Amino acid sequence: MNISSLTNQDSQASRQLVSPKTQLGKDDFLQLLTKQLQYQDPLNPMDNTQFISQMAQFSSLEQLQNMNQSLGNKDTSTDQLQAAFLKSQAASLVGKQVEVATTEAVYDGVHTTSLSYQLNPGVNQAHLQVFDANNQLVRDLELSPRQTYGKVKWNGKTDEGVTVPPGAYRVVIAAEDANGQAMLGGEVLEGLKVEAVRYQGQEPRLWASDREFSMDDLRAITEE
């Protein structure tokens, strides 16, 4: 006789005895309910209210298990929900005026250029600076640090009062904190009207003035 085989069988049986099933699933609950109905006293059957209550418990158990399975796939569900939300949000922006971060201001040679900006927290002093194609500073406009959002106008002239040629100019915000240390001051904003939304895979891309933007580029939705 193979003693080791019997020992293994005894060991497996012991493990089964010491490791009973500690959690009941919806199938177990349904089997218990069926047995309860099968062996109920015909002279004293289960009360309808009690039966409905147990069925409600079974339904709740099933919903909880389904929810648990859904949460088990929460990464996929969250990604799908986020993608659907972004698509819906992007589609609603068509025809609306928005603001995006920019490093460029265009002077047409005639009209004053309006420049919006957003300052970062902690700014003590800030200037919006305009540079030409040779990276030469042509205009330095002081900003109020008390305004997180604001607008300034540039009439196309240098600090010396000389009118610059029409064209695109680089704009940045130079700032200092309360200790006089240079810091990231914020962003210059450009107003655009969203003309279309196109998709690259799951990512919506906004089109305005023949340029493409992502949803992350948006800083504000200003008007219809």
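Odds and ends about this structure:
- Label-point gap, in nm, between Glu203 and Leu86 - each point 7 angstrom along Cα→Cβ: 0.7 nm
- Entries of Lys96/Lys157; Lys87/Lys193; Lys96/Lys151 with Cα pairs more than 26 Å apart: Lys96/Lys157
- Each principal axis of the Cα atoms in the range 79-181 has its own extent, and those three values, largest first, are 55, 39, 23 angstrom.
- Using 0.36 nm per residue and subtracting the Cα-Cα separation, the extra length available between Asp108 and Asp159 on full extension is 16.5 nm.
- Net charge of the neighbourhood of Leu189, taken over other residues with C-beta under 13 Å away and scored Lys/Arg +1, Asp/Glu -1, is -3.
- What the Cβ-Cβ distance of Glu142 and Ala101 gives, at R0 = 22 Å and to the nearest 0.05, is a FRET efficiency of 0.60.
Every number here is computed from the coordinates shown, using simple stated rules; none is lab data. Not measured: the values here are computed from a predicted model. Cβ coordinates were reconstructed from backbone atoms using ideal geometry, including for glycine residues, and neighbour counts include every protein chain displayed.
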